[in-house]
Each structure stands twice: as structure tokens, then as C-alpha cells.
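Working notes, structure below.
The values are calculated or read from the model by the stated rules, or taken from the named source; none is laboratory data. What you are looking at is a predicted structure, and each value in this text was computed from that prediction instead of being measured. As a convention, Cβ positions derive from the backbone with ideal geometry for all residues, glycine included, and neighbour counts pool all protein chains shown.
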Amino acid sequence: MSDSYIAIDWGSTHLRAWLYRRGQCVESLQLPYGVSRLAEQTARDVFDKHIAPWREQEAIPVVMAGMIGSDAGWQPVPYLACPVSLHELSARLFDVAENVWIVPGVKTERNVMRGEETQLLGAMQLSPAGCYVMPGTHSKWVQVAGGAVNGFETAMTGELHYILMNHSLIGKGLPEQQDDSAAFADGVSSGLESPALINKLFTARAARVLGDLPPESVSEWLSGLLIGAEVATLRDDIRQVTLVGGASLCRRYRTALSQSAIEVSEIAGDTAFQQGIRSILNARR
């Protein structure tokens, strides 16, 4: 295999791509053409317009991961069932065009992931751990043993925060939200204390109405509450985790995990993803 290739993280809302030449990233792009935002285009149309020009001189390998492999993407790609060694990914790539492949997702009996498996493969090599927490719209808590993914849980924490702030009474009539570490920490403590949210969510409104929470800090308090509840629900007997994701979200989760006496290490999501793609391609040599 050449050391020139294209890595694509193609999710629901965005497409991100990196062009590598001689092992170095020489160009990248980010487009608002996730599989839920294709409008009148197909995934192949987007690929031909924005990615294919990188391959005019040579049909270099392209590996794509994420929702591009869903029934809303380019082509539905079967999931690999847990427990599964992620080293199998390289042998189970799904061919959609010349030298263009999609990475399969991973499933349990009641859960699925697409895209995170590629990050996990890279993270397992760069930061070995028994549990990985992957913050995001749908956060993943992944159990790993002997190089295999044994199972995982999903928390819709990010999506809940968005819905509550934008489509519920909690966020109605609020001013522009501001960073407030104290409000966030207070929310975390409340969520950790009791993850049963059904009677706590309204506190985000009541505390603001009663003057106990600044109206510009509601988002921060709610974020802390949801993340704290997530950690309290899924921490079990875990004492050490590796966070995989963006710096801002990882910082929030580190706060909640540390309050739970869980030791935390961290790796950037993009770093893990790139390592995962490299590993997949190297295994095909």
C-alpha cells in the first residue's frame, strides 16, 4: 500500500476529510454535508465533487467511517457483533468504489456504533485502557479486554441538552448563555447525587425563576446535571477511564469523573481517528 491515502470521518451533520501524502497530512476539509444534510445530493455526488479531485492523478486508497455506512449514507454496511477484536476491521472493510472502503460499525444485542470503532482502534494503541468514554451527542462507554470490545452503553446526553435548551420550557426566553464553571459544577454535583432526572430537570427552570440561578447560566447548570447523571448511571465499579473526544467536552467529563474518584486520561478524538485509519490501512499491506 502507498503511504498516500484519504481518511474521512463522515457523520450525520458533517464530513471531515484528510489527504495524506508520504505519511503527512497535506490538505484537509470540513463540509456541512453529513448524511442527514445531503439535500438533493447523494453521498456519491458529494464525494465526486469534493474528494475525487484529490485522486485525479492516482486512485489512492480512501477509508470512510461513520454514518456514511448507515442506511442513510452511501451504502448500508453490516455491523460486527461484540465481542469483537477491532483488528478485524481491516479485513471487513466494505468496498463501494475503486480503492474506496467504508469501515463497518459495531453492535451488541441492544446497541450500535458507527465511527467510534475507528477512534477506539486508534485509542487502544495510543492509550490502552479497560474503559473508554467517548463524549458527544450520543456518548459511548466502551468496555475493552484483551484487545476486544466486549460491550458498550450509549447515553443521549448531548442530544438531550440540545432538545431541552432549544425545544422545551427550560430554554424558553433565556438570554445568550455564558460560561459558568460554578453553575456547571453545581449541576454535576446534583446529577451525581441522584441520576433520576425526571424530577430534577424542572429545577433548571425553577432555580432561574426563583433567582437562584442566573438566566445566562442555565445551559451550564443543565449540562452539568446531565453529565453528572450519565456518570452516576454508567460508572459501576470503574476506577480508571480514557476519554476520547474534543477538548471542551472532555474537560467537562473530566470534572464529573474526578468528582466520582475515577482516574482519567485523555486522547483527542481526531488523533485517535487518524491512528485508527492508519492501522486499518497498514494491516492491509
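So here's what we get for this one:
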{"quantity": "From the options VAL46, VAL77, VAL96, residue that is under 20 Å from ILE280 (Cα atoms), outside any loop (DSSP other than H, G, I, E, B) and without any contact (Cβ under 8 Å) to a residue 60 or more places away in the chain", "calculated": "VAL96"}
{"quantity": "All positions within the stretch 28-71 that are of a type outside the set (A, V, I, L, M) and either within 21 Å of HIS138 (Cα to Cα) or touching a His at 6+ places or on another chain (Cβ under 8 Å) (or both)", "calculated": "GLN30, PRO32, TYR33, GLY34, SER36, ARG37, GLY66, GLY69, SER70, ASP71"}
{"quantity": "Count of the stretch 8-54 residues which are touching a Gly at 6+ places or on another chain (Cβ under 9 Å) and within 16 Å of ASN99 (Cα to Cα)", "calculated": "1"}
{"quantity": "Criterion (within 15 Å of ALA256 (Cβ to Cβ) and assigned by TED's automatic domain parsing to the domain that holds SER248) met by exactly one of LEU213, LEU226", "calculated": "LEU226"}
{"quantity": "Set GLN57, GLN75: member being out of contact with any helix residue (DSSP H, G or I) (no Cβ under 8 Å at 6 or more places or on another chain) and modelled with pLDDT under 95", "calculated": "GLN57"}
{"quantity": "Residue count, the stretch 2-43 (criterion: buried (at least 18 other Cβ atoms within 10 Å of the Cβ) and part of a loop (DSSP other than H, G, I, E, B))", "calculated": "6"}
{"quantity": "Contacts under 8 angstrom Cβ, first residue in the stretch 227-239 being within 16 Å of GLY136 (Cα to Cα), partner of a type in the set (Lys, Arg) and assigned to a helix (DSSP H, G or I), 6 or more apart", "calculated": "ILE227/ARG252"}
{"quantity": "Single residue of the stretch 50-74 satisfying the filter (in contact (Cβ under 8 Å) with a residue 24 or more places away in the chain and assigned to a helix (DSSP H, G or I)) that is farthest from THR13 (Cα to Cα)", "calculated": "ARG55"}
{"quantity": "Residues (touching a residue at least 12 places away in the same chain (Cβ under 8 Å) and of a type outside the set (D, E, K, R)) located in the stretch 12-24", "calculated": "SER12, THR13, HIS14, LEU15, ALA17, TRP18, LEU19, TYR20, GLY23"}
{"quantity": "Qualifying positions in the stretch 59-73 - more than 13 Å from ILE277 (Cβ to Cβ) and touching a Gly at 6+ places or on another chain (Cβ under 7 Å)", "calculated": "MET67, GLY69"}
{"quantity": "Enumeration of residues in the stretch 99-118 that are in contact (Cβ under 8 Å) with a residue 60 or more places away in the chain and part of a loop (DSSP other than H, G, I, E, B)", "calculated": "VAL103, GLY115"}
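For every residue, the table says whether it meets (1) polar (S, T, N, Q); (2) touching a strand residue (DSSP E or B) at 6+ places or on another chain (Cβ under 8 Å).
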residue: ALA123; (1), (2): no, yes
residue: ALA129; (1), (2): no, yes
residue: HIS161; (1), (2): no, no
residue: SER168; (1), (2): yes, no
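Rundown of residues vs (1) crowded, with 21+ Cβ neighbours inside 10 Å; (2) within 30 Å of SER223 (Cα to Cα); (3) not assigned by TED's automatic domain parsing to the domain that holds PHE202; (4) not β-branched (Val, Ile, Thr), yes/no style:
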| position | (1), (2), (3), (4) |
| --- | --- |
| VAL84 | no, no, yes, no |
| ALA97 | no, no, yes, yes |
| VAL103 | yes, no, yes, no |
| THR108 | no, yes, yes, no |
| PRO128 | no, yes, yes, yes |
| PRO135 | yes, yes, yes, yes |
| ALA145 | no, no, yes, yes |
